[in-house]
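Nothing in this text is a laboratory measurement; each read-out follows from the coordinates by a stated rule. Every value quoted in this text rests on a predicted model; they were computed, and no experiment measured them. Please note: Cβ atoms are built from the backbone with ideal geometry, for glycine as well, and neighbour counts cover all protein chains shown.
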């Protein structure tokens, strides 16, 4: 029994090598996959370079300020003119799945002013390029590998049938199931081999640390391919002609990879409306600029409720003092606190909803899981924004003693200023739940395929 | 003869259950996409109008303030959606919606929908343009892949040719028939779009919008024609229907998915753009060479003051009829804006270079010709976006300079005084006029040319190839 299987497998392999079109196609997928790896790594390398330039820019700014304020200066002036950066470093994994790193800024320029007016500043992006999307390994695996699987296997049995060879084949002492198994095994080995090879190249190229994430990535990739083979199995079991199979498989690809995500996007937009971010920036501006027109005592008392430790007894009589200025900047942020929470919660809930709906399409599931593993999706960006908010708090905490105790800011103090760094974290939990969902989908399609093969005996003509 | 072949194809297509199911599905999708696009257009448009109205009202109802305070208070510009963007959202989801306009500083356009969406948006948005550009060609492929193979296998092709009809005429007949079938799917959707446009008062009387819609429809007619001719030619050249199908699907994937992404990514790799941090630093660096409005120790400010004293023939700043501070601000704004404009123009040029690769790829790939054409006609392409950015910057500059002028006219000691609240109501608000069709077409020459070349080339070469095909 086993030996027939091996013979069949060997002949399938010869068939495959003889089919120039298929070899060409497989070669093309390898080239395209390598390009995806190249693009992903160069893109992340470019982002890393940009991030590496920021300390120089910050240093330049300090030099400029030292020249502008040669002696001890008012910390208020420094806080106003001094710019620092909150930076979001990618993990090594980011090169494999760039996710939303191209639309969400990976660095934020901060001054001591109100945070909400600064944190949403977007990076320079070419919208045409962003519309086309990233050509990374995740795209190749999620989008193109199903197509490769379809191209390799849409005529799995139907070709033999159409050429009349299936009758001859089954006239031999061979079980029909063995024929299907041998044909499927060769294609499985080929596709999984390619997917694992490309993944291995990418993992080595990106120099990812060897931990459980490697296993998860490979498991996700293998399961995703297995899912598509399961779909092929179902269509094969229907025993229709090649043209029908091609149409049905491309139809399945279209529905799962294109239509369902498109429809879900519309659905998520409609059912989970996010309060527009612009609303909060408008309100924050109104609050901040209203600060100039309100009595100074009122502003300061509101501020001291939040920061009793800086309560001083002196009433501000001057036309302008920095501590009052920064107090109403901060009160502007405080006034929109509920709006900010609603905005970020809305975004997070959108993500959660998508995660739930990922049951409907393994493609969405794979994409969500791979970007979660790479730390390049929305939750990571929200975590970065939170970290930038904490950095802004730290900056204020650093400057407040100078402002409220009226301590002069000297050249040595620049060094003491807090700095910020944030590196994406892989969301193992999201990836694991994706893995689980994918496993269920795989079992489901394979079960359906096997049952269909069982109940419909193979018809050789 | 062509007509009767066409009629036969149409009738047999309509009898084919698979095709009818597929067509009804496609038509449903098109209608749904039109309605969804329209609903989202209205929501976004209303949100932006309300937001713009809010900031305008806030601006006009400011208390007594010093003009430079008002310049820092600034305003917002919200990018209105273009009239036809409900058919093709183009870049709209990837470009920001709001830009804060303030003194001394040019801000980025923030809050793009892509930032507020999950990774779902990366699978593509379900818009009318998406259905027309990618899904209808698939329908065409399924419709036409066995145009010849079937007749060949059934032996009817020989019969047909024995009656003295040339292969080329048969092909034309089939192309006409399939064209009619596709029209049955697409025309109702475009009619719905036109009807929706008519229902919208602001566009009902706008010849520009109607011309855009007409050209939009026309370019898709050309695009579908291309696909039908291509599919029929492939079907005639391939011995078997299944190979024709695989070849056509391969072309669809290469042209619709792989190439557009690859060229866009390659463009970004070949022509790297400057980051925002770098751009800001450069602008700041060069702006230092000009006058600095907020630095009283600035030597150039002193020179300006000396000149003013000479001009008005007075010996002290107190006696000047104008405020030195206001004039210094105006001068500084003029200089920094000039510097910024230069850098912004350079950045835009870099993006245009990146995009040029994608647009020129239209010569190889009709999808990359129809996409920019469709976006351009719908008013949602890069050129329209840059137009908005520039309009917002122009308004910002005029607003700030007007406020600087007000400050200058307050005379010496302006800092201690405020202007009346009524002053702000006299300042015009930001209004955005989308550019006309003629302007948009100027950016669409390459895609139009590419599409025309494809039509001529494919009809000529393809049908010549059909002539040479063996009939058995």
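Descriptive notes on the structure:
- If R0 is taken as 25 Å, the Cβ-Cβ distance between residue A:272 and residue A:425 corresponds to a FRET efficiency of 0.55.
- Taking every DSSP beta bridge that has both ends in chain A, the antiparallel portion is near 75%.
- Inter-label distance, residue A:14 to residue A:408: 9.3 nm, where each label sits 7 Å from its Cα along the C-beta direction.
- Over the C-alpha trace of the range A:125-167, radius of gyration and Dmax come out as 18.0, 59 angstrom.
- Taken along its three principal axes, the alpha carbon spread of the range B:342-448 comes to 66, 25, 15 Å, from the longest extent down to the shortest.
- Cβ crowding within 10 Å averaged over residues, with B:427-434, A:128-135 ranked highest first: A:128-135, B:427-434
- Where a label projected 7 Å from the Cα of residue B:455 along Cα→Cβ would reach, residues of the range B:343-377 with amide N under 18 Å: B:362-377
- Normalised by 2.2 N^0.38 Å, where N is the number of residues, the alpha-carbon radius of gyration of the range A:240-315 equals 2.50.
- Residues of the range B:66-97 with amide N under 18 Å of the 7 Å Cα→Cβ point at residue B:104: B:66-75
- Sorting A:234-244, B:161-171, B:361-371 by average packing, meaning the other beta carbons within 10 Å per residue, from highest down gives B:361-371, A:234-244, B:161-171.
- Using a simple spin-label model with pseudo-atoms 7 Å out from Cα toward Cβ, residue B:11 and residue B:199 lie 3.8 nm apart.
- Whole-number D in µm² s⁻¹ for the protein assembly as shown, Kirkwood Cα-pair radius fed into Stokes-Einstein, 20 °C, 1.002 mPa s: 69
- Hydrodynamic radius by Kirkwood, which averages 1/r over all alpha carbon pairs of the range B:44-178, in angstrom: 20.3
- Length, then width, then depth: along the principal axes, the Cα atoms of chain B run 107, 44, 37 Å.
- Order of B:23, B:459, B:374, B:206 - criterion: other Cβ atoms within 10 Å of each residue's Cβ, fewest first: B:206, B:459, B:23, B:374
- Overall shape: oblate for the range A:203-288, with the ratio a/c of the largest to smallest alpha carbon gyration tensor axis at 1.5 or above and b/c at least equal to a/b.
- Within 10 Å of each Cβ in A:30-40, the average number of Cβ atoms from other chains: 2
- The alpha-carbon atoms of the range A:166-310 define a convex hull whose volume equals 255 cubic angstrom per residue.
- Gain in span if fully extended, residue A:397 to residue A:163, counting 0.36 nm per residue against the direct Cα distance: 76.3 nm
- Taking 0.36 nm per residue of separation and subtracting the current Cα-Cα distance, fully stretching the chain between residue A:390 and residue A:172 would add 71.2 nm.
- When the inverse distances between all different Cα atoms of the range B:1-95 are averaged and flipped, the Kirkwood radius reads 18.0 angstrom.
- Each peptide in B:177-185, A:247-255 receives the mean, over its residues, of other Cβ atoms within 10 Å, and ordering these scores from highest gives B:177-185, A:247-255.
- For the range A:338-422: rounded, prolate or oblate by the Cα gyration tensor [a/c cutoff 1.5]: oblate
- Residue order for B:228, A:150, A:425, fewest other beta carbons within 10 angstrom first, comes to A:425, A:150, B:228.
- Number of partner chain Cβ atoms within 10 Å, mean per residue of B:246-254: 4
- Shape of the range B:187-332 from the C-alpha gyration tensor: oblate (a/c of 1.5 or more and a/b not above b/c, with a ≥ b ≥ c the square roots of its eigenvalues).
- Adding -39500 (n - 2.57) for every DSSP H run of four residues or longer, then dividing by how many residues chain B holds, sets the calculated 222 nm ellipticity at -22000 deg cm²/dmol.
- Dividing the C-alpha radius of gyration of the range B:390-472 by 2.2 N^0.38 Å, with N its residue count, gives 2.51.
- Within chain A, helix-based [θ] at 222 nm, where runs of 4 or more DSSP H residues each add -39,500 (n - 2.57), nearest 500: -23000 deg cm²/dmol
- The value given for chain A is a Kirkwood hydrodynamic radius of 26.0 Å, derived from the mean inverse Cα-Cα separation.
- Mean projected area in nm² (Cα convex hull; one quarter of hull surface) for the range A:253-362: 9.4
- Ranking of A:136, B:295 by count of other Cβ atoms within 10 Å, fewest first: B:295, A:136
- Normalised size of the range A:1-156, defined as Cα radius of gyration per 2.2 N^0.38 Å with N residues, equals 1.73.
- Approximate spin-label separation residue B:53-residue A:459, in nm, with each point projected 7 Å along Cα-to-Cβ: 6.5
- Size of the range B:144-258 as Cα extents on the principal axes (Å, biggest first): 57, 38, 17
- Given R0 = 25 Å, the distance between the Cβ atoms of residue B:314 and residue A:77 translates into a calculated FRET efficiency of 0.20.
- Legend: mean number of C-beta atoms from other chains within 10 angstrom of residue C-beta atoms, peptide A:240-251, equals 4.
- Distance from the range B:423-468 to the range B:353-410 (C-alpha centre basis), Å: 15
- Contour excess over end-to-end distance, with Cα ends at residue B:286 and residue B:168 and 0.36 nm allotted per residue: 35.9 nm
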